[in-house]
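K.L.:
Okay, here's the structure, questions in a sec.
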Amino acid sequence: MLVNDGIDANYFSELSLYQELLLVLSERASAELSRPNSALETTQVARWFGLNPPLATGASRGEVAKTLRQLKSTLNTVGINVKYATLKERDRGTLGSALPPQWGNYTISGAEKLLVDTGGKFVFTANSALLALPPINTDANTANWGQSCFANFIHEMTHAFLNTDDVEDNTGQSMYGPAAHLAWVANGGAKLNDRYTHARQCSTLEVASNWGFFVEDLMTTSEREAVSAKVLASRKTGWSAKLREEANRLLGVRAPVRI
């Protein structure tokens, strides 16, 4: 669960809403995917991960359901400290980062054992650039989506709890945004290099952005519109003047977004 480690209370409240959405959607989708002939298998799973078969690097509905249950269980039982990036760390182009304890990534039981044995912490560092994004994508057509706060929150949680990576495309460019990921899967979903070390060949299930877009896509358009309206109203009335000023400044001067 999220633990406030010194960020604005209203901003933390928004992140907590995303956490609750992630928990609810994970439960709903894992239950649906446990049924034979689930409609999600041929829609959202096929769209963001590709199906195996026919794709050797794709996913089965069982794999996706199991991973969603793991993410939900871990987020419910393991604390993750939420803090601001320091002034030195801040970057208009960086949204945030989530890290497991410095000793590495572990399974659920391993993570809990690590926390007991060493006092290590999971940490989500929020950068103010995240405030410049819309809360959630409301367009009914996923091909028109951009990056959202909710998808990026999910993206970062999977870095911390599922050991996902960011990847480079076949030209060596970092892969960002829904359109690039949709095209990757549609073109066969061949494994790609992780962005930082090039030591790992990642399948569609091992890429953080795929999970962010997939979970966001589990919501109906009306659900996304309702959440967006709620968050935008809260931002307008609840954020401190300082927080609104920083968000407005970032909205006016946007650099290419890096996750």
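The values are calculated or read from the model by the stated rules, or taken from the named source; none is laboratory data. In this text the structure is predicted, and so the values were computed from the model without any measurement. Neighbour counts are summed over all protein chains in view; Cβ atoms, including those assigned to glycine, are modelled from backbone coordinates with ideal geometry. When the accessible area is computed, the model is the full protein with side chains, heavy atoms only, and any ligands, DNA or RNA have been set aside. Shrake-Rupley method; radii C 1.70, N 1.55, O 1.52, S 1.80 Å.
K.L.:
With every protein chain in place, what's the accessible area of T138 (1.4 Å probe, Å², nearest 10)?
P.N.:
60 Å²
K.L.:
While we're looking at this one, here's another question. State the extension gain, in nm to one decimal, for the chain segment bounded by H198 and N52, taking 0.36 nm per residue of separation less the distance between their alpha-carbons. Kindly include the intermediate steps, with their values, before the conclusion.
P.N.:
Working: separation 146, 0.36 × 146 = 52.56 nm, distance 2.46 nm.
The span from H198 to N52 would gain 50.1 nm if fully extended.
K.L.:
I need the calculated FRET efficiency for the pair A179 and R28, taking r as the beta carbon distance and R₀ as 25 Å, to the nearest 0.05. The partial results should precede the final answer.
P.N.:
Numbers: r = 26 Å, r/R0 = 1.04.
FRET efficiency, A179 to R28: 0.45.
K.L.:
Got a number for the accessible area of S174? Probe 1.4 Å, square angstrom, nearest 10.
P.N.:
40 Å²
K.L.:
Also, quick follow-up: How about the stretch 153-221: which trypsin sites (Lys or Arg not before Pro) there lie in a loop by DSSP and see at most 16 other Cβ atoms within 10 Å?
P.N.:
Working: sites: K191, R195, R200; in loops: K191, R195, R200.
Here the trypsin sites (Lys or Arg not before Pro) that fit, given the DSSP loop and packing criteria, are K191, R200.
K.L.:
Let me ask something else. Which of S73, P53, L40 sits farthest toward the positive end of the charge dipole of the stretch 1-79, with +1 on the Cβ of Lys and Arg and -1 on the Cβ of Asp and Glu?
P.N.:
P53
K.L.:
Work out from phi, with θ = phi - 60° and the Karplus expression 6.51 cos²θ - 1.76 cosθ + 1.60, the ³J(HN,Hα) of each residue of the stretch 219-230, listed in order in whole Hz, and give x for Gly and Pro.
P.N.:
Result, rounded to whole Hz: 7, 6, 4, 5, 5, 5, 5, 5, 5, 4, 4, 5.
K.L.:
Students sometimes get this wrong: rank E41, E216, E20 by accessible area, probe 1.4 Å, all chains present, largest first. Numbers along the way, then the final one.
P.N.:
Numbers: E41 45, E216 0, E20 85 Å².
Putting E41, E216, E20 in descending order of accessible area: E20, E41, E216.
K.L.:
May I pose another question? Quote the accessible area belonging to L55 in square angstrom, nearest 10, computed with a 1.4 Å probe and with ligands, DNA and RNA left uncounted.
P.N.:
Counting only protein heavy atoms, L55 exposes about 40 Å² to solvent.
K.L.:
Same structure, new question: Need one number for the stretch 151-206: average projected area of the convex hull over its C-alpha atoms, nm². Provide the component values of the computation, followed by the final result.
P.N.:
Values: hull surface 14.9 nm².
For the stretch 151-206, averaging the hull's shadow over all directions gives 3.7 nm².
K.L.:
Now for a separate question. If each residue of separation counts as 0.36 nm, what is the full-extension length gain between N81 and K66 once their alpha-carbon separation is subtracted? List each step's numbers first, then the result.
P.N.:
Numbers: separation 15, 0.36 × 15 = 5.40 nm, distance 2.51 nm.
So the extension gain works out to 2.9 nm.
K.L.:
Report the FRET efficiency, 1/(1 + (r/R0)^6), for S222 and N10, where r is their Cβ-Cβ distance and R0 is 30 Å, rounded to 0.05.
P.N.:
Computed FRET efficiency for S222 and N10 comes out at 0.75.
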